[in-house]
Amino acid sequence: MNLEVILNKDQLTRDDLIYLMNLEDKEDLQKLYDKAYEVKAEYIGQKVYYRGLIEFSNVCVKNCNYCGIRKDNNKVDRFTMTEEEILDRAKWAYENNYGSIVLQSGERSDKEFVEFVDNIIKKIKELSNDELGITLSLGEQSKETYQRWYDLGAHRYLLRIESSNQELYNSLHPDDHDFKRRLECLAEMKEIGYQVGTGVMIGFPGQTIEDLVDDLIFFKENDIDMVGMGPYVLHEDTPTAKDVEDNGVLKTRNLNWGLKMVAILRLLMKDINIAATTALQALNPVGREMALKAGANILMPIITHRKYRTEYQLYENKPCIDEEASDCKNCLAARVGTVGDEIVYGEWGDSPHYFKRTNK
Ligand code: 5AD
Ligand code: SF4
């Protein structure tokens, strides 16, 4: 196979994707990243959109084997920000022209939680004259809940599938998790009218390059609007950590795989939103900038108050936990500048793919 030919194909086959995922030579990789950046520039522009990330609670009813805030990890101090604190952060995002925010937390679906979120969505819409876009990342919920949050004004939802391979999904989660329900949730969100985002973890124990290629094909087949996928990063106090043989090898490989996945996805789905995820930065100080250079177009600066950041550690070495949001703002702007992208302030930055898919 010839790299130049593949990079210029309109339709990539599964074999092409596997070939690209196996690239190791530095010059070849550069060609892949350059091509992906070229596609991004053509279809999205040399632009980066922000979503201010508010991680408002680390209380979680689930026990995902890889995650640092899983229910059974009793070393974590649990917190839930007050409504006032959350609104203060949303206001900060609005005043700093971030365009949109993401509300993320551990998973809960009890009535009290659902109503708490109802209220927050309503109030954020009010305080921003309906201008701030709201993306939710609150896990699996009933269709009714998805519908009411949509009706209240949330318009994008992120729910990672973690792995499109059911067996692997099962290996990552305790028995009470249901792969089929995850798929249904994505379908329900789409039916309701959300812009739908999903993603996977890259490089957890037992996952192969073929599995990752099938994840990319899954995004395509499901006509996904946005993808946030990041390298798996070890967290000591989790069951999955025990399956990691050499953390040094894992880190290097997963950064590498993470960047390749971003670039290949950009070739495969030219007009979707792809996030440069924080987990990349946990593996390399400029990991997210590298992803922007490889075709990603979304950054999610953490705007949670400093006092809560240390307790929202899904994996080790999570970056920016000592900074305050305003420090992050300047730091990020400087970093994005080095890539050659322009930060677009004050816009929702919806995925062009969504409008095409829905004929809006
Ligand atoms: N490494 C990388 N990503 C992780 N997540 C949870 N734990 C880890 C980890 N150890 C990701 C999952 C989840 C998202 C909120 O964080 O993909 O969907
Ligand atoms: Fe909870 Fe999400 Fe972590 Fe799973 S990945 S334990 S649902 S916070």
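Quick look at the values:
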quantity: Residue match in segment 94-107 (condition: assigned to a loop (DSSP other than H, G, I, E, B), surrounded by 14 or more Cβ atoms within 10 Å (Cβ to Cβ) and within 16 Å of ligand 2 (Cβ to nearest atom)); calculated: yes
quantity: Search result, residues across segment 138-158 that are within 20 Å of G349 (Cα to Cα) and touching a residue at least 40 places away in the same chain (Cβ under 8 Å); calculated: Y150, A154, H155, R156, Y157, L158
quantity: Positions within segment 100-124 being farther than 20 Å from K62 by Cβ and touching a Lys or Arg at 6+ places or on another chain (Cβ under 8 Å), in sequence order; calculated: S100, I101, D118
quantity: Residue count for segment 54-93, restricted to those that are surrounded by 15 or more Cβ atoms within 10 Å (Cβ to Cβ), free of Cβ contacts under 8 Å to residues at least 60 places away in the same chain and among the hydroxyl-bearing types (S, T, Y); calculated: 2
quantity: Filter result for the condition that a residue is in contact (Cβ under 8 Å) with a residue 24 or more places away in the chain, surrounded by fewer than 19 Cβ atoms within 10 Å (Cβ to Cβ) and of a type in the set (D, E), over E347, E289; calculated: E347
quantity: Residue satisfying all of: in segment 228-260; away from ligand 1 (no atom under 13 Å from the Cβ) and among the hydrophobic types (A, V, I, L, M, F, W, C); farthest from I217 (Cα to Cα) among these; calculated: V249
quantity: Conditions (1) within 15 Å of ligand 1 (Cβ to nearest atom); (2) part of a helix (DSSP H, G or I); (3) in contact (Cβ under 8 Å) with a residue 60 or more places away in the chain: number failed by G197; calculated: (2)
quantity: V114, sole failed condition from (1) more than 23 Å from K329 (Cα to Cα); (2) touching a strand residue (DSSP E or B) at 6+ places or on another chain (Cβ under 7 Å); (3) part of a helix (DSSP H, G or I); calculated: (2)
quantity: Filter result for Y146 (at pLDDT 95 or above, touching a helix residue (DSSP H, G or I) at 6+ places or on another chain (Cβ under 7 Å), of a type in the set (S, T, Y) and more than 16 Å from ligand 1 (Cβ to nearest atom)); calculated: yes
quantity: Conditions (1) surrounded by fewer than 17 Cβ atoms within 10 Å (Cβ to Cβ); (2) modelled with pLDDT under 95; (3) within 16 Å of ligand 1 (Cβ to nearest atom); number of the one not met by R51; calculated: (1)
quantity: Filtered residue count, segment 20-43, keeping only those that are in contact with a helix residue (DSSP H, G or I) (Cβ under 9 Å, 6 or more places away or on another chain), aliphatic (A, V, I, L, M) and more than 13 Å from N8 (Cβ to Cβ); calculated: 3
quantity: In segment 38-48, residue surrounded by the most Cβ atoms within 10 Å (Cβ to Cβ) [restricted to those that are of a type in the set (A, V, I, L, M) and part of a helix (DSSP H, G or I)]; calculated: V39
quantity: Scope segment 23-69; condition among the aromatic types (F, W, Y) and within 16 Å of ligand 2 (Cβ to nearest atom); matching residues; calculated: F56, Y66
quantity: Criterion: among the hydrophobic types (A, V, I, L, M, F, W, C) and within 16 Å of ligand 2 (Cβ to nearest atom) - qualifying residue of L127, L212, L132, L186; calculated: L186
quantity: Pick from segment 286-319, criterion among the basic types (K, R) and more than 15 Å from Q104 (Cβ to Cβ), ranking: nearest to the chain's Cα centre (by Cα); calculated: R288
quantity: Subset tally (residues that are under 19 Å from L255 (Cβ atoms) and in contact (Cβ under 8 Å) with a residue 60 or more places away in the chain) for segment 201-226; calculated: 6
quantity: Meets criteria (closer than 24 Å to T358 by Cβ, within 16 Å of ligand 2 (Cβ to nearest atom) and out of contact with any Pro (no Cβ under 9 Å at 6 or more places or on another chain)) for L138; calculated: yes
quantity: Residues located in segment 91-117, provided they are within 22 Å of the chain's Cα centre (by Cα), closer than 23 Å to Q313 by Cβ and of a type outside the set (S, T, Y); calculated: W92, A93, I101, V102, L103, Q104, G106, E107, R108, V117
quantity: Enumeration of residues in segment 125-155 that are within 22 Å of the chain's Cα centre (by Cα), of a type outside the set (G, A, S) and farther than 22 Å from R181 by Cβ; calculated: L132, I134, H155
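Each row is one residue, and each column tells you yes or no for (1) closer than 22 Å to L29 by Cα; (2) part of a helix (DSSP H, G or I); (3) in contact with a His (Cβ under 8 Å, 6 or more places away or on another chain).
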position: M201; (1), (2), (3): yes, no, no
position: D214; (1), (2), (3): yes, yes, no
position: D237; (1), (2), (3): no, no, no
position: G248; (1), (2), (3): yes, yes, no
position: L255; (1), (2), (3): yes, yes, no
position: G258; (1), (2), (3): yes, yes, no
position: I264; (1), (2), (3): yes, yes, no
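The values are calculated or read from the model by the stated rules, or taken from the named source; none is laboratory data. Only a predicted model underlies this, so the values are computations on that prediction, with no experimental measurement involved. Positions of Cβ are backbone-derived with ideal geometry, glycine not excepted, and every protein chain shown enters the neighbour counts.
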